[in-house]
Amino acid sequence: MSHKTDKKNKHHEKKHEKQTNNQLEVDFDTTEELEIDDIQDADTQKWTDSLQQEIDKLAKDLAEMNQIATKAQHDYINLKMDFDSYQSRTESRQADQKIDTLTDVVKKFLPFVESLRKSLDTISEEMRDQPLATWVQMTYDNFLKTLESLGISQIQALGLEPDSLLHEPVNVQPVQDEAQKWKIIAEFERGFVYNKWDIKKVITTSKVVIWQ
C-alpha cells in the first residue's frame with residue numbers, strides 16, 4: 001500500500017514538475033514576445049518621430065518658400081508700377097517736347113499766313129478772279145489745311161465774348177446796344193491754337209477789337 005502511494009506521489013510530482021516546466025516555457029515565450037513587441041513599438045515610435053520631424057521641416061521650408069514667393073510677387077508689382085509710371089512720364093515729356101518743337105516752328109511762319117489773310121481782306125470783289133488773288137487764296141487755304149493736319153486750328157473770335165486765354169483786346173469801340181457789349185467786332189490779328197489728344201496749347205492769341 002505504501003509502495004503504491006509512493007508511486008502515485010511520484011507520478012503527481014512528475015506531472016506537477018512537467019506542468020511547472022510547461023508554465024515556465026509559456027512564461028518565457030510570453031516574456032520574449034513582450035520584449036519583441038516593446039522593441040518593435042520603440043522602433044515604430046522612433047520611425048514616427050523621424051517622419052514627423054521630416055514633415056515639420058518640409059512644412060517650414062514650404063512656409064519660407066511661400067514667404068519668398070509672396071515678397072517676390074510684391075516686389076515685382078511695385079517694380080512694374082514704378083516702370084509704368086516712369087514710362088508714362090517719359091512718354092508725356094516726349095510728347096510735350098514734340099508739341100513744343102512743332103509749335104515753335106509753326107509760330108515762325110504764322111506771320112506769313114497772317115499776311116496772306118490780310119492781303120485777301122484788301123482784295124476787292126472785282127479782283128477776286130485775278131490770277132494773283134487766286135494764287136494768294138490757294139496758298140492761304142493750303143497753309144490752313146496743313147496746320148489742321150497737325151492739330152492746329154484758327155481761334156474763333158468774331159461775335160464771341162473775349163476769352164482771356166485766347167483773345168487779347170487791342171482796342172475797344174463804344175456801342176449803344178447792350179446786347180452787343182463785350183463782344184468781339186473785329187480781328188486785328190488772328191490767333192492759332194494746338195488742340196489734339198486732349199492737349200490744348202495756345203500758339204498765338206487773337207488780337208481783337210471789342211464793343212464796349
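Rule-based calculations on the coordinates, nothing more; no lab input. Note that this is a predicted model, so its numbers are computed, not measured. A quick note on method: Cβ atoms are made from the backbone with ideal geometry, for glycine too, and the neighbour counts reach across all protein chains shown.
In whole Hz, what ³J(HN,Hα) sequence does segment 200-212 give by Karplus (6.51, -1.76, 1.60; θ = phi - 60°), x for Gly and Pro?
My calculation for segment 200-212 gives 10, 9, 6, 8, 9, 7, 7, 8, 10, 10, 10, 6, 9 Hz in order.
With a sphere of radius 11 Å drawn around the Cβ of Lys207, what net charge do the other residues whose Cβ falls strictly inside it have (Lys, Arg +1; Asp, Glu -1)?
On the way: positive: Arg190; negative: Glu114, Glu168, Glu187, Glu189.
Within the 11 Å Cβ shell, the charges total -3.
Sort 56-67, 162-173 for me by packing, meaning the mean count of neighbouring Cβ atoms within 10 Å per residue, highest on top.
By packing density, highest mean first, the sequence is 162-173, 56-67.
For Gly191, enumerate residues with amide H under 5 Å from its amide H, sequence gap 5+ or separate chain, H modeled in the peptide plane.
Distant-sequence amide H within range of Gly191: Ile155, Ser206, Lys207.
What does the net charge come to around Asp49 if you take all other residues with beta carbon closer than 12 Å to its beta carbon, with K and R at +1 and D and E at -1?
On the way: positive: Lys46; negative: Asp43, Glu54, Asp56.
In short, -2.
Show me the ranking of peptides 179-192, 123-136 by mean Cβ neighbours inside 10 Å, starting with the highest. Walk me through the numbers before you get to the answer.
On the way: 179-192: 16.5, 123-136: 10.7.
My ranking of the peptides, most packed first, is 179-192, 123-136.
Quick one: net charge of Val106's neighbours, Cβ under 14 Å, K/R +1, D/E -1? Please list the in-between numbers first.
Numbers: positive: Lys98, Lys107, Lys108, Lys145, Arg190, Lys196, Lys201; negative: Asp100, Asp104, Glu114, Glu148.
Around Val106, the surrounding residues sum to +3.
In the structure displayed, which of Lys98/Lys201; Lys118/Lys200; Lys107/Lys183; Lys145/Lys196 lie more than 18 Å apart, Cα to Cα? Before the final figure, lay out each step's value.
Values: Lys98/Lys201 13 Å; Lys118/Lys200 26 Å; Lys107/Lys183 27 Å; Lys145/Lys196 15 Å.
The answer is Lys118/Lys200; Lys107/Lys183.
Pull up all non-local amide H partners of Trp182: gap of 5 or more, or a different chain, and H-to-H distance under 5 Å with H placed in the peptide plane.
For Trp182, whose amide H was placed from the backbone, the distant partners under 5 Å are Trp211, Gln212.
Determine the gain in length on full extension of the stretch Gln97-Asp84; use 0.36 nm per residue of separation and subtract their C-alpha separation, reporting nm with one decimal.
Details: separation 13, 0.36 × 13 = 4.68 nm, distance 1.96 nm.
Extra length from Gln97 to Asp84 when fully extended: 2.7 nm.
Along the Cα→Cβ direction, 7 angstrom out, place labels at Ser164 and Ile55. What is the inter-label distance in nm?
Going from the Ser164 label point to the Ile55 one covers 7.8 nm.
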